[in-house]
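Readers should treat all values here as calculations from the given coordinates under stated rules, not as data from a laboratory. Note that this is a predicted model, so its numbers are computed, not measured. Counting neighbours? That spans all protein chains shown, and the Cβs are built from the backbone with ideal geometry, glycine included.
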Amino acid sequence: MNGSKRVLVIGGGIGGIQASLDLADGGVEVILVEREPSIGGRMIQTDRTFPTLDCSSCVLTPKMVEVSLHRRINLLSLSEVVEVIKEGGGFRVKIRKNPRYVDEEKCTSCGRCAQVCVLAGRIPKEFDEGMGRRGAIFLPFPQAVPQKYLIDPESCLKLKKGRCKKGPPCVDACEVGAINFDDKPRLLQYQVDAILIATGFDLFDPIGKPELGYGRYPEVITSLELERLMAPNGPTGGEIRLGDFHPRSFFFIQCVGSRDRTVGAPFCSRVCCMYTAKHAYIVKERVEGAVVYVSYIDVRAHGKGYEEFYRRLQDLGVYYLRGVPGEVYKDAKGLIVRVEDQFSAQVREVATDMVVLACGIRPRRGMEKFFSSLGIETDDYGFIKTDPMTPFKTNIPGVFACGVVTGPKDIPDSVASASCAALACVEYIS
Amino acid sequence: MLGLLKREDLFACIQCGKCTGSCPEAGKTSLNIRVMVRKVLFGDWEDKEVPWFCSSCGACTIRCPRDIKPSEVVVGLRAQMVEEGEIPSSLYRALENTLVQKNPWGRSRNKRDAWTAEVGFEIPFIGEDTLETLLFTCCVQAYDPRCMVIPRNIAKVLHAAQVPFGILGRKEVCCGNEIRRVGEFGLFKQLMEENEANFERYQVSRIIALSPHCMNAFKNEYEGGDKKAVHYTQLLWELIQEGRLIFKGSYDKRVVYHDPCFLGKQNGIFDEPREVLKAIPGLQLMEFSRSRENSLCCEGGGGRMFLDVEMGERNGHKRVKEALALGAQVIATACPFCLLNLEDAAAVLDADIEVRDITEVLMEVL
Amino acid sequence: MSYSLIIAETRKGEFQEGNFDPLYLSDIVGLPSYILLPEGEYGILRGSCDKVIVAPLKEGEFLNPLNIIRLLERTFQAFGEPSAILLPHCSFGIDVAPYVAGRLGWPIITDISGFCRGEEGEIFIKTLYSEKINGHFRLKEGMRFVGTVRKGVFPKVAEVVKETLFEEAPSIEKDPRRDFIEYIEEEIEDVDITKADLLVSVGRGVKEKGNIPLFEELAALLGGVLSCSRPVADRAWLPKARQVGTSGKTVRPKVYFALGISGAFQHIAGMKDSDVIIAVNKDPSAPIFQYAHYGVVEDMHRLAQKMIENLRDQK
Amino acid sequence: MEVVVLAKWVPTTQEEELKIIDEGRSVDLEEVPFRMNEWDTYAIEEAVRIVKEHGGVGWVISMGSEDADTALRRGIAMGLERGVLLETEEDLIDPFQRAFIFKNLLQKKGIKFDLLLTGGQAEDDEFASTGGVLAGLLEVPYASMVIGIEEISGGEITLLRELEGGLMERVKMALPAVVSIQTGINEPRYVSVTGVLSAAKKERDFLSAADFMEGAKGLLQLIRVEIPPPKEGAEIIGGDLDGKVSGILNILKEKGVYK
């Protein structure tokens, strides 16, 4: 019924995926633009979801595949919207598709190229938050969609310096001749009737809280880094270790970069209490005899089954400690977390093997310019402003938003907002 | 009643405890700054001893996620006691001395320029010419024989680098940084006004502060605002970059740098002192685990140089032990209070380690 | 012939040494000396003054300016009016002298530490501005005054040996408005600093209580006892029993090792008879260097540190 | 209970190298800062406490140049109520004369007191006499070097005098009386700069000392001042820190107190 209508969905995380599928299933043609080489977003980086502890990739991978196969979804990976012009009832959008240097049509995803890359295992892997390594030619992660290799021009010797080992080896290894060092960015233009923004979030960079020792002590990691250590498709195959170091004691610090004016973020990120609870659970489950501390300001277990999950954690013997640590440093005993345990009003200096920072949520970096070019209003922190009664609408008619781009949400809420926004789109364009 | 704070400001406190977790005095003294903020909010803080435990390192205020400024709550409580006249006797002396002689030690104001005697050349009074660059000595460096070497060294460096500068001599009065922190706002204002009048009268366009405490006062507390005050380490790094200091010889020692709270944490000057040290030939710079923003307070601030409080292990002792564990031969710092406290600790611990001001290390190779 | 009347101090029946200074001053000025005392035995005075006048008053009644003034009135009647009333400069002298001067309408000079006679007449010297200045005072209306005399500054005029007469002062009706009740001894403390051969004594320069243990250690390593000056005891950094000086203990150790003590007269008075005084002070103009046999210009903390290091090494 | 304190505004000379001027007749105090005589702060504190406990009015009276008003303001800031300054530019050093002027003031102005407190001595001339002479002139009881006031009741005061060698005496006196206060009797409260500034708003009486000179002639004349000749002085042990330490240890060994 809407065969001629077209919607641009920006962002291929769980929100963008759900919205695209809903729109496409409703007969709308979807252009799904993803900046990264694969869709999947933040959710695909996580090991499991809370509070049910479902395997994230088991839930998400089928949806990602469905996106790639859907006849009404045009997936543009490695792509960015560069211009949007209001035109008639709709928009004319310009999209830059960045070069992959691997022909998507030809690549069979055999992986031989990656094996022979001179830099194989030497470049920090984005998907693993730098915990794992890749080469200059790589597949973002095993379940990536599109299931195509790409070359990172920043590290590839051929692209950067013009010369690699003879061959180069990847070219020699590729039986289908998919590698194309001459690939160039392409500018695509589309006419769309509506736009749905689902650009998601970044995590707060804890370098901004120097007292917590991130970037200084390798044993201080972010929650997303821990996700990668826990995930079966992560650098350690799900084993919680740093190289050969197997931590036995863990200290989780919540509200890192949330509820914190010193870093310009007085808001609550909504998800950290629960994902930390989940982490604590998995640690207890996988590391025998693990000693786990969780420091918090308030535990906000507001969702369905959340409080019960929190309670389960306590039954497992996790020390929930009310008080925000002042600092993390190292002495002869190892990492020391200095924190006031408020219920005993006592300052404790807790020695621990690993500190995990529950970093708060920030809008995706680099979106401000795009939003302002469109005239989209954002709040003080860069989240898109919406009205309470239409939480999926931006101030620009025809531009909708879902997921964390309008404010912190967990996965169920993001999915719900995606479906709502999709519905609103359909309503708008008909 | 709370100095610069109003009680209403404290309602925003969510009792997260970041302050207490950050406080170098928490645990070892009975100061629990979170509890103090809470009790002050409810108007039932009564203790007269605990507020004196704070060393004004500023960590609580810098890190407070709600911008409550707990260290100002301490200052407020102190101000209340100052107005009521109930303060520790040692502080009584320091304040009386500052009122009368313009320095907390009660040394004669007329001897404030005594340190110039041994520099070997005439140091002009700032008013003698349009010199514009003022070397601000302040009290510890002017009177403490151990610290007098700092102004002398800087004077020599400026002289050698042909930077014209002058001093206020007997006209200089205490910068008031600690006076404000012990809650004597009236006296602070008096000192500020006297110094600012001199800055104005002699058209000072740049102030070289020897102590981070003075620099902080000029930059952050004086009504005139940023009087182009720089810390001497900033000046030294400038001179080194401009190639105006010529090094002779080599300082072949392992040196660990201790960040003073008022230089580092509170004013963000972390790199210049390190750059100066790194520029010294032969010097091997080491880092404490707790360095930069996490530097462990020497406990010399907030009037604690004149106050005697009961406490557990002195942080200076911890610091010296940390330096020994690192294998450092020298602890270098850039604040007279840190210098005195750390040197004292090294002596008490009988530690085989030198404690030096950065200027002292520098002079070895100039 | 006029005379000088010395009102002497006794404590618990003991004749105080400080009474000799007014006696010697009287000899130097050239006046016959009469000495007024409470009930007691004063053979010790034979040969050193012209008259010993014993008042029919108990010590507690005598050491009282209100009774003294009544006693003086009767004494003047009996022996004539003196040219000078002299007292030792001590808690008694300073209690009685000004009151007597007020009642009599006479000038007063306290803490006299010198005397000379020249063109300007008789000059009494007293220190001003914490010992930094000597003031030369002249009596505008001739020799009639009340004075207190600093202890230990006037030597005995060698040739003076007097035929001392012992007399009884007339009895008086006591003034009921001031009454001695009792002496209060300070509580006995752990150590007796008056019995030590070596005193390590700290003053204001110690700066804070937290520094005391350093000097305790130094004293212990040297086998001495730690004492202090008034500011240290006032702040209760050391017990009062450790205080040297006029309001504390008078000590005569073999070595008095003073650190960070500037040398207020009250302190000097309590230690100046030590065999050897070693003074450490960072201020080279500290008055204590005038009294010490050996001086070290140095920060007391730095020096103590170093000494402790050396002493530990030797052990 | 009417309590009067005599307080003096004195030059702070402890740290100064003083110079003689005026052909040997006076000391150059031009560059010397002034402050409240330390003993007087204890006397004022004691007065404030007495008035607080027994009610009545506390007075602070000072004599000197107009700068001595600061003494009044400090006294008021500490808790006294009334301030009187006897202004004079003359350097009245004779304690007898000073006391006489105070006597005239009290009598002419009808200032009655139950207790008059002075500091044990003034830091500048160290006469320690004004209170005692005044008590004599007024024929009221007097006690000096008081280190404790134990009780005031029934027109009597029980106090402790500090004697030498750690000894004290307990004395009872009838009121009205004059008492001179020794340091250490209490812990004087701190007076903040703001406190002194706001005390400036309180009413004080500024009178000319010249109006109270009747019969108050100077009996004592300061004809000369001089810097005392340096005493023999100490033999200075110099050298570096090690040299100083070994020098001291040698003396201790020589004297046989340290082996």
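Run the dipole for chain C about the Cα centre, Lys and Arg Cβ at +1, Asp and Glu Cβ at -1, nothing else charged, and hand back the magnitude in debye, nearest 20.
760
Antiparallel beta bridges, as assigned by DSSP with both residues in the protein assembly as shown, represent about 40 percent of the total such bridges.
For the pairs C:K195/D:K259; A:K330/B:K69; D:K52/D:K112, flag any whose C-alpha to C-alpha distance is greater than 23 Å. From the list (C:K195/D:K259; A:K330/B:K69; D:K52/D:K112), the Cα-Cα distance tops 23 Å for A:K330/B:K69.
Hydropathy first: keep DSSP H helices in chain D averaging at least -1.0 on Kyte-Doolittle, then drop any whose Cα extent along the axis falls short of 24 Å, and list what survives. Before the final figure, lay out each step's value.
Working: long enough: D:38-54 (25 Å, -0.65).
Answer set is D:38-54.
Can you bin chain A into rounded, prolate or oblate? Criterion: square roots of the alpha carbon gyration tensor eigenvalues sorted a ≥ b ≥ c, rounded for a/c under 1.5, prolate for a/b above b/c, oblate for the rest. It is oblate, given that a/c is not under 1.5 and a/b is not larger than b/c. Computed from backbone phi with θ = phi - 60° and the Karplus coefficients 6.51, -1.76 and 1.60, the 3J(HN,Hα) list for the range B:95-104 is 6, 4, 4, 5, 5, 7, 10, 6, 8, x Hz; x is used for glycine and proline.
Residue separation times 0.36 nm, minus the C-alpha to C-alpha distance between A:R71 and A:H302: what's the value?
Numbers: separation 231, 0.36 × 231 = 83.16 nm, distance 3.89 nm.
Between A:R71 and A:H302, full extension yields 79.3 nm more.
Please determine, in degrees from 0 to 90 and to the nearest 10, the orientation of helix A:411-429 with respect to the longest principal axis defined by the Cα atoms of chain A, where the helix direction is its Cα long axis. Tilt of helix A:411-429: around 30 degrees.
How would you classify the range A:121-273 from its alpha-carbon gyration tensor, with a ≥ b ≥ c the square roots of the eigenvalues: rounded for a/c under 1.5, else prolate if a/b is greater than b/c, otherwise oblate?
On the way: a/c = 2.26, a/b = 1.43, b/c = 1.58.
It comes out oblate by the Cα gyration axes.
Three principal axis extents describe the C-alpha atoms of the protein assembly as shown; from largest down they are 140, 65, 65 Å. Can you list which of the GluC sites (Glu not before Pro) found in the range D:121-173 are DSSP loop residues with at most 15 other C-beta atoms within 10 Å? Here the GluC sites (Glu not before Pro) that fit, given the DSSP loop and packing criteria, are D:E139. A cut-off of 5 Å between modelled amide H atoms, ignoring neighbours fewer than 5 places along the same chain, links B:F288 with B:Y257. Around A:G237, what is the net charge, scoring Lys/Arg as +1 and Asp/Glu as -1 over all other residues with Cβ under 12 Å from its Cβ? Taking every Cβ under 12 Å from that of A:G237, the sum is 0.
Before anything else, pin down the relative contact order of the range D:2-212: Cα pairs under 8 Å, at least 6 apart, normalised by residue count, whole percent. Rounded, it is 26 percent for the range D:2-212. With the charge dipole of the protein assembly as shown set up from +1 on Lys and Arg Cβ and -1 on Asp and Glu Cβ about the Cα centre, the Cα lying farthest toward the positive end among the listed residues B:F288, D:F113, B:N195 is that of B:F288.
What separates the Cα centres of the range A:138-201 and the range A:52-110 is a distance of 14 Å.
For the range C:135-155, the residues whose backbone nitrogen is under 13 Å from a point 7 Å from the Cα of D:E226, taken along Cα to Cβ, are C:135-137. Counting every other Cβ atom within 10 Å of each residue's Cβ, D:T88, B:T20 order from fewest to most as D:T88, B:T20. Only helical runs count toward this figure. For the protein assembly as shown, summing -39,500 (n - 2.57) over DSSP H runs of n ≥ 4 and dividing by all residues gives -8500 deg cm²/dmol at 222 nm.
What size of dipole, in debye to the nearest 20, comes out for the range A:112-173 about its Cα centre when the only charges are +1 on Lys and Arg C-beta atoms and -1 on Asp and Glu C-beta atoms?
On the way: 12 positive and 6 negative charges, 82 e Å.
Dipole of the range A:112-173, to the nearest 20 debye: 400 debye.
In summary, the lysines within cross-link reach of A:K304, defined as a Cα separation below 20 angstrom excluding same-chain residues under 8 places away, comprise A:K278, A:K409.
Using the 10 angstrom Cβ neighbour count as an exposure proxy, how do A:C272, A:C255 rank, fewest first?
Working: A:C272 29, A:C255 26.
Final ranking by Cβ density, sparse to dense: A:C255, A:C272.
If you take all other residues with their beta carbon under 15 Å from the beta carbon of A:D183, and give Lys and Arg +1 and Asp and Glu -1, the sum is +3.
Under the definition of Cα pairs under 8 Å and six or more residues apart, what whole-number percent is the relative contact order of the range B:90-237?
Answer for the range B:90-237 is 23 percent.
Neighbour counts of C-beta atoms inside 10 Å place A:F141, C:F115 in the sequence C:F115, A:F141, starting with the fewest. A cut-off of 5 Å between modelled amide H atoms, ignoring neighbours fewer than 5 places along the same chain, links A:A401 with A:I197, A:K393, A:T394.
Compared with the dominant Cα axis of chain C, that is its longest principal axis, helix C:20-29 is turned about 60°.
The three principal axes of the C-alpha atoms in chain B carry coordinate ranges of 61, 49, 33 Å, sorted with the longest axis first.
Taking the longest Cα principal axis of chain B as reference, the axis of helix B:336-348 is set at about 90 degrees.
Considering only Cα-Cα distances, which of the following residue pairs are longer than 26 Å: C:K209/D:K19; B:K102/C:K207; A:K125/A:K158; A:K284/B:K28; B:K253/C:K209; C:K12/D:K172? Mind dumping the intermediate values first?
On the way: C:K209/D:K19 36 Å; B:K102/C:K207 18 Å; A:K125/A:K158 19 Å; A:K284/B:K28 33 Å; B:K253/C:K209 35 Å; C:K12/D:K172 19 Å.
Too far apart for the 26 Å limit: C:K209/D:K19; A:K284/B:K28; B:K253/C:K209.
Here's the list of lysines a cross-link from A:K86 could span, going by alpha-carbon distance under 22 Å and ignoring same-chain residues fewer than 8 apart: A:K5, A:K94, A:K97, A:K369, A:K385, A:K393.
Could you work out the equivalent-ellipsoid semi-axes for the range D:40-102, taking the square root of 5 times each eigenvalue of the Cα gyration tensor, largest first, in whole Å?
Working: eigenvalues 110, 32, 17 Å².
Over the Cα atoms of the range D:40-102, the semi-axes work out to 23, 13, 9 Å.
Would you please calculate the Kirkwood hydrodynamic radius of the range B:90-237 over all C-alpha pairs and express it in Å, rounded to one decimal? Each step should come with its number before you reach the end.
Working: mean 1/r = 0.0660 Å⁻¹.
When all Cα pairs of the range B:90-237 are included, the Kirkwood radius is 15.2 Å.
Among the chymotrypsin sites (Phe, Trp or Tyr not before Pro) found in the range B:16-125, those both in a DSSP coil and sparsely packed, with 15 or fewer other Cβ atoms within 10 Å of their Cβ, are B:F121.
With point charges of +1 on the Cβ of Lys and Arg and -1 on the Cβ of Asp and Glu, referenced to the Cα centre of the protein assembly as shown, which listed residue (D:I236, A:F392, D:V191) lies farthest in the positive direction of the dipole? Projecting each Cα onto the dipole axis, the largest value belongs to A:F392.
Report the paramagnetic label zone for D:S153: residues of the range D:173-209 whose backbone N is under 17 Å from a point 7 Å from Cα along the Cα-to-Cβ axis. Counting backbone N atoms under 17 Å from the label point, the list is D:173-175.
Within the range D:88-176, report the trypsin sites (Lys or Arg not before Pro) that DSSP leaves as loop and that have at most 11 other Cβ atoms within 10 Å.
Values: sites: D:R98, D:K103, D:K108, D:K109, D:K112, D:R161, D:R170, D:K172; in loops: D:K109, D:K112.
Those that pass, being in a loop and sparsely packed, are D:K112.
For peptide B:345-353, the mean count of partner chain Cβ atoms within 10 Å of a residue's Cβ comes to 2.
What you get for the protein assembly as shown, charging only the Cβ of Lys and Arg (+1) and of Asp and Glu (-1), is a dipole of about 5900 debye around the Cα centre. Equivalent ellipsoid of the range B:7-84: semi-axes from √(5λ) of the C-alpha gyration tensor, largest first, are 17, 15, 11 Å. Dipole orientation for the range A:335-418: of the candidates A:S417, A:Q342, A:G366, A:G366 has the Cα lying most toward the positive pole (charges on Cβ; Lys, Arg +1; Asp, Glu -1).
What is the sum of charges, Lys and Arg at +1 and Asp and Glu at -1, for the other residues whose Cβ falls under 14 Å from the Cβ of C:V296? Show your work: numbers first, answer last.
Values: positive: C:K282, C:R302, C:K306, D:K244; negative: C:D283, C:E298, C:D299, D:E235, D:D240, D:D242.
Computed value for this residue: -2.
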